[in-house]
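> One structure is given below, represented as structure tokens, and several questions about it will come after.
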There are 4 protein chains.
Amino acid sequence: MTTFDPSVPPPATEWVLTLSCPDQPGIVHAVAGALAERGGNITESQQFGDPASGLFFMRVQVQADAGRAELEAALAPVVERFAMTWELDVVGRRRRTLVLVSKAPHCLVDLLYRERYQSMPIDVVGVVGNHRDLEEIADFYGKPFHHVPVTRDTKAQAEGRLRELVAELDVEVVVLARYMQILSDELCRDLSGQVINIHHSFLPSFKGARPYAQAYDRGVKLIGATSHYVTGDLDEGPIIEQDVERVDHSRAVTDLVAIGEDVERRTLARAVRWHAEHRVLLDGHRTVVFH
Amino acid sequence: MTTFDPSVPPPATEWVLTLSCPDQPGIVHAVAGALAERGGNITESQQFGDPASGLFFMRVQVQADAGRAELEAALAPVVERFAMTWELDVVGRRRRTLVLVSKAPHCLVDLLYRERYQSMPIDVVGVVGNHRDLEEIADFYGKPFHHVPVTRDTKAQAEGRLRELVAELDVEVVVLARYMQILSDELCRDLSGQVINIHHSFLPSFKGARPYAQAYDRGVKLIGATSHYVTGDLDEGPIIEQDVERVDHSRAVTDLVAIGEDVERRTLARAVRWHAEHRVLLDGHRTVVFH
Amino acid sequence: MTTFDPSVPPPATEWVLTLSCPDQPGIVHAVAGALAERGGNITESQQFGDPASGLFFMRVQVQADAGRAELEAALAPVVERFAMTWELDVVGRRRRTLVLVSKAPHCLVDLLYRERYQSMPIDVVGVVGNHRDLEEIADFYGKPFHHVPVTRDTKAQAEGRLRELVAELDVEVVVLARYMQILSDELCRDLSGQVINIHHSFLPSFKGARPYAQAYDRGVKLIGATSHYVTGDLDEGPIIEQDVERVDHSRAVTDLVAIGEDVERRTLARAVRWHAEHRVLLDGHRTVVFH
Amino acid sequence: MTTFDPSVPPPATEWVLTLSCPDQPGIVHAVAGALAERGGNITESQQFGDPASGLFFMRVQVQADAGRAELEAALAPVVERFAMTWELDVVGRRRRTLVLVSKAPHCLVDLLYRERYQSMPIDVVGVVGNHRDLEEIADFYGKPFHHVPVTRDTKAQAEGRLRELVAELDVEVVVLARYMQILSDELCRDLSGQVINIHHSFLPSFKGARPYAQAYDRGVKLIGATSHYVTGDLDEGPIIEQDVERVDHSRAVTDLVAIGEDVERRTLARAVRWHAEHRVLLDGHRTVVFH
């Protein structure tokens, strides 16, 4: 995109624009007009008007020769007119991601595998563990591992270290990949909409600790996992994705755990991918996910 | 089986035997021996020893020329030796079933369709409605419809009528096919293990009233249904079957209800079929389901 | 919409517009502009540009006080400029549907149930059977049943009768609900894009006759169904929807048939609903399905 | 099991016995009797009589203090009487496995992950690649990597090397984890029932090369994978497991490939696990899988 040859038109960049605003007539036309003005060709577009919240949501992919400044300038009057919350990014850009883990390897292994081999658009810039168990996995994938132990007494200090890492590494997304520590309300608030957790149950069933043991006791026939944004309200953040697997009476709790790991890793992987691709928009306590 | 021609051996009846007892060595051998003694040929058999409850469960299908009395005699010493709870039935016998409904037709339509066209082994001997809305469906399938209205004042009286119908019609299974009334603890106890309910959520999520509205508010990505035995403890009976369907942000509560109806009817149909086929055994608060 | 009270604005009609045309910049903007011009408020919109075929597809739902003539006038220049194939309908209008059956009841029962109780937007204006077996079901739902027997010698005559019914009843959609006759190439061509079939296998596996027997022989672990538009090329028309169910070694062919019926009825119901809601667009030999 | 302390009974070993034979009365009783004779306690047992093939299949897990020789001696008369094919193994023993790969990493990564972290009962004793691309993955998991390139001219030689490795490493199971070479009929025959392949389509759809491109062209709405035993008849071996994933019109062939990788790895993992746990029995061209 940076070399100049007047005889060859530069390939168009593909941009992704997401926005939300109070619903009213004319939004699609105005956005499409602003993009068309700069020669943009819409290749994919989805809209949703939520009658419950009165909000309108839109995700557009557009090919354009225009740069960011030009596009922003074209969109500025529309953004102002409709009081939009919006984001503009280049399609496929890898988002800078910090992964927090404890001892369970399945989610970390899967995310790093997908980054390297499946072009998931994340750039894992670091792995933080409150234990050292998974350091070798980070090493294999060439990722810096930061050991940040957490005890009752060092919790504040550990969170300070997390904040430093987020700042130093210019982190955009924090993934709790079976990180067995609870973040403080304050940190949740400061990183709101940027922290994705995987909970090992089909929420709101079996909130809290030992969900597979609870599931076993209740004799459920499907076990599940839930990936959600983290808010101060534990296990209550907006849900991004859920999935389940069938089980039967013959499964012990340890079996449920092992089967659940497969559900967890694929549920988390989808949530992280969709978030990284700007497919997830917040609608109050719910999410809009554009596939 | 009733005509006699000494030159043609009668076709063997296929029997299904289910049993549970405290686990210990030798059970399978003893049961198989008792059946072999009467010339039985085991065509299908499943066992499960639950390490948690210490109970052993078994379901056997056996072809035998022997009659019920002979088989029971052969099994009697085994039953006594192992302190078994057991049941013996002819495979495929249609179990006498009473269906209770209110206004929602989807489960009733599905059960009657499956009885008539899909050889589900039930014989619906009556339909009870606290409203008259579904009488025409019962009529079409040639089923007696009993209108038993329920108000706060007539609840006891209505339950009396239910008990009468269960007794008069020699009912073996009661199906609550979206029956919007709560049975009394006493009736639940008296019909324990014979009443199957469909709850319109993935229990234990969204217990209680208006589960689809709750599911909408929580923004879940899968909605489900749970079929369970009814106990006095509302929505807490042993689960027989659960299933889910994927939904997304664009679905209003009314959409969730419509989508949920499909999940409910197939979840209930499976539970009723498996119960009718003697595939469901009680293991405390859980069920063993032999497929 | 027809009574006039100057003090109360009439409720806006909701329209659905579907279109396809060669892809190029500016389509969304032009369509949105034409609709905005008549005061239309876009409530739902989806687009897809197929890089393989070079075609662009769009489905828009729009609330507008304008009548059909006005909207068509507003869209005319856009339609001409982009050489669009398009369709405009009122959201929720029940499409006039003719259902063709033989002896298997499951798909017919399900469609009529969904029309009556689940607001599937179809108006079944008649049921045609080459056997009389399902006449009672049509009767129960108050649908005229037409017995059109087919033998080798009367095939042409029977098709003539079908054409008459399609014309007389002003039929928009023909559903082959396990109709065991093959339509002639000519009829397929004349009704192209209007005839939906359910094939009892996961196409392209097990084309042709007795697919469940073929599936049994091959020992598959999932059985499926495929709903597709009918073309002259048997079992090769554009696929609208497919689904599967898990089976195991213990299932005989008759079990596969019974299990398959559930898959067939839900697969066909989805295809018919989506078609009736103008969600299915033809992209050569493939379909675009906007959910 | 080998130290002797007369006051502490040794913990019982858990054995798994699988067998098949022509069906006839008395098999279960005879087997259960032989095991009971040696103090065996049956903890899990499943039987299946196939009416089509006339064969009977059984899988029993039994806790017994007896050693292999004792159990075999007890079973010998039963085996002879019923002309059984049978196998006896210790539950949980890791079966010696050789994994063959080319360039695609997803199945190899998943199998090695499951061996190390999920107690899949395999012991991968070597990885063979016809390319070197995946050597680093084998290294990370501490597995010897054997580079056995294959060209048209060296095919026979390469197969010779495979045979050597199978012999030297005492291999029990060969897994073709997206190995893009076809084994010779002779090798298939010699390793019959020991080689498991993952085919990247829902067989019998899209046999042969480039199945995802075929699936794209046909416009299917679900893509699948099939794991099967390898026979000389390419893509026609007995199916062990199949699974599918939903796709829509917006997916390009490359997307189908990426989505398919998830289906492939979980389908292969299940097949390998079930084979390793002695849950898969051959019934002619079909498999019996005891869950």
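> If each label sits 7 angstrom from Cα along the C-beta direction, how far apart, in nm, is D:Arg68 from its counterparts in the other copies?
Computed spacing set for this position: 5.0, 6.6, 8.0 nm.
> Would you give the gap between the C-alpha center of the range D:136-176 and the C-alpha center of the range C:113-164, rounded to a whole Å?
Between the Cα centres of the range D:136-176 and the range C:113-164 lies a distance of 62 Å.
> If you add up the charges near D:Arg96, with Lys and Arg at +1 and Asp and Glu at -1, over every other residue whose beta carbon is less than 9 angstrom from its beta carbon, what do you get?
On the way: positive: D:Arg94, D:Arg95; negative: D:Asp123, D:Asp170, D:Glu172.
Net charge around D:Arg96: -1.
> Separate question: Quick one: what does P(r) look like for the range D:235-279 with 10 Å bins over all Cα pairs, in whole %?
Cα pair-distance distribution for the range D:235-279, in percent: 24, 43, 25, 7, 0.
> What ³J(HN,Hα) values, in whole Hz, does the Karplus curve 6.51 cos²θ - 1.76 cosθ + 1.60 give for the range D:186-195 when θ = phi - 60°, with x put for Gly and Pro?
After applying 6.51 cos²θ - 1.76 cosθ + 1.60, I find 5, 5, 4, 5, 5, 9, 3, x, 10, 10 Hz.
> Could you pull out the pairs from C:Lys143/C:Lys207; A:Lys143/D:Lys103; C:Lys155/D:Lys221; B:Lys143/C:Lys103 whose alpha carbons sit more than 27 Å apart here? Mind dumping the intermediate values first?
Values: C:Lys143/C:Lys207 32 Å; A:Lys143/D:Lys103 23 Å; C:Lys155/D:Lys221 34 Å; B:Lys143/C:Lys103 23 Å.
Checking Cα-Cα distances, C:Lys143/C:Lys207; C:Lys155/D:Lys221 exceed 27 Å.
> I would also like to ask the following. Taking a label point 7 Å from Cα toward Cβ, how far is B:Met180 from its twins in the other copies, in nm, shortest first?
4.2, 4.7, 6.1
> At 10 °C and a viscosity of 1.306 mPa s, what translational diffusion coefficient does Stokes-Einstein give for the protein assembly as shown, taking Rh as the Kirkwood radius over Cα pairs? Give it in µm²/s as a whole number.
Values: Rh = 32.9 Å.
Here the translational diffusion coefficient equals 48 µm²/s.
> Where Lys and Arg each count +1 and Asp and Glu each count -1, what net charge lies around C:Asp123 among other residues with Cβ under 13 Å from its Cβ? Present the calculation step by step, with values, prior to reporting the outcome.
Values: positive: C:Arg93, C:Arg94, C:Arg95, C:Arg96, C:Arg114, C:Arg116, C:Lys143; negative: C:Glu115, C:Asp170, C:Glu172.
Taking every other residue near C:Asp123 into account, the sum is +4.
> Non-local amide H neighbours of D:Val128 (under 5 Å, H modeled in plane, Pro and chain starts lacking H): which ones?
D:Val99, D:Leu100, D:Val101, D:His146
> Separate question: Let me know the shape class of the range A:146-291, please: from the alpha-carbon gyration tensor, a ≥ b ≥ c as square roots of the eigenvalues, rounded when a/c is under 1.5, otherwise prolate if a/b is greater than b/c, or oblate. Walk me through the numbers on the way to the answer.
Details: a/c = 2.11, a/b = 1.40, b/c = 1.50.
In terms of gyration-tensor shape, oblate.
> On to the next question. Based on other C-beta atoms within 10 Å, arrange C:Thr97, C:Thr85 from fewest to most. Mind showing how you got there, number by number?
Numbers: C:Thr97 26, C:Thr85 13.
Least to most surrounded, the residues fall as C:Thr85, C:Thr97.
> Moving to a separate point now. Just the number, please: Stokes-Einstein D of chain D in µm²/s, Kirkwood Rh from C-alpha pairs, 20 °C, 1.002 mPa s. Let's see the in-between values first.
Details: Rh = 20.8 Å.
Taking Rh from Cα pairs, D becomes 103 µm²/s.
> Can I ask one more? Which of B:His146, C:His291, A:His228, D:His275 has the fewest other C-beta atoms within 10 Å, and how do the rest follow up to the most?
So the residues, fewest neighbours to most, are C:His291, B:His146, A:His228, D:His275.
> Taking R0 as 56 Å, what FRET efficiency do you get between B:Ala12 and C:Gln157 from their Cβ-Cβ distance, rounded to the nearest 0.05?
Details: r = 51 Å, r/R0 = 0.90.
Result of the calculation: an efficiency of 0.65.
> Around D:Leu17, under 9 Å between beta carbons, what's the net of Lys plus Arg minus Asp minus Glu among the other residues?
Summing Lys/Arg as +1 and Asp/Glu as -1 gives -1.
> Can you pull a Stokes-Einstein diffusion coefficient for the range C:13-90 at 20 °C (1.002 mPa s), Rh from Kirkwood over Cα pairs, as a whole number of µm²/s? Show your work: numbers first, answer last.
Values: Rh = 12.4 Å.
In µm²/s, the coefficient is 173.
> Would you mind checking the tilt of helix C:106-117 against the longest principal axis of the Cα atoms of chain C, expressed as 0 to 90 degrees and rounded to 10?
Tilt relative to chain C: about 30 degrees.
> Taking neighbour counts of Cβ atoms within 10 Å as a proxy for exposure, in what order, fewest first, do C:Glu72, D:Glu44, D:Glu264 appear?
Details: C:Glu72 13, D:Glu44 17, D:Glu264 26.
If I rank by nearby Cβ atoms, fewest first, I get C:Glu72, D:Glu44, D:Glu264.
> Taking the rotation axis that maps chain B onto chain C, which residue of B brings its Cβ closest to that axis, and at what distance in whole Å?
Reported as residue, whole Å: B:Phe140, 2.
> List the distances, in nm to one decimal, from the label point of C:Leu282 to the label points of the same position in every other copy, shortest first, placing each label point 7 Å from Cα along the Cα-to-Cβ direction.
4.7, 4.9, 5.9
> Given R₀ = 25 Å, what would the calculated FRET efficiency be for C:Glu136 paired with C:Ala167, taking r from the Cβ atoms and rounding to 0.05? Walk me through the intermediate numbers first.
Numbers: r = 27 Å, r/R0 = 1.08.
The pair C:Glu136/C:Ala167 has a calculated efficiency of 0.40.
> Test of the criteria: in the range B:166-231, which trypsin sites (Lys or Arg not before Pro) are in a DSSP loop and have at most 16 other Cβ atoms within 10 angstrom of their Cβ? Walk me through the intermediate numbers first.
Details: sites: B:Arg178, B:Arg189, B:Lys207, B:Arg218, B:Lys221; in loops: B:Arg178, B:Lys207, B:Lys221.
Here the trypsin sites (Lys or Arg not before Pro) that fit, given the DSSP loop and packing criteria, are B:Lys207.
> Just round it to a whole percent: the fraction of Cα-Cα distances in the range A:196-277 exceeding 14 Å. Let's see the in-between values first.
Details: 1894 of 3321 pairs.
Roughly 57 percent, rounded to a whole number.
> May I ask you to derive the FRET efficiency for D:Ser53 and A:Ala73 from their Cβ-Cβ distance with R0 = 60 Å, giving the value to the nearest 0.05? Mind showing how you got there, number by number?
On the way: r = 74 Å, r/R0 = 1.24.
The value I calculate is 0.20.
Every number in this text was worked out from the coordinates using simple rules, so none of it is lab data. Here the structure is a predicted model, which means the values were calculated and not measured. Cβ coordinates were reconstructed from backbone atoms using ideal geometry, including for glycine residues, and neighbour counts include every protein chain displayed.
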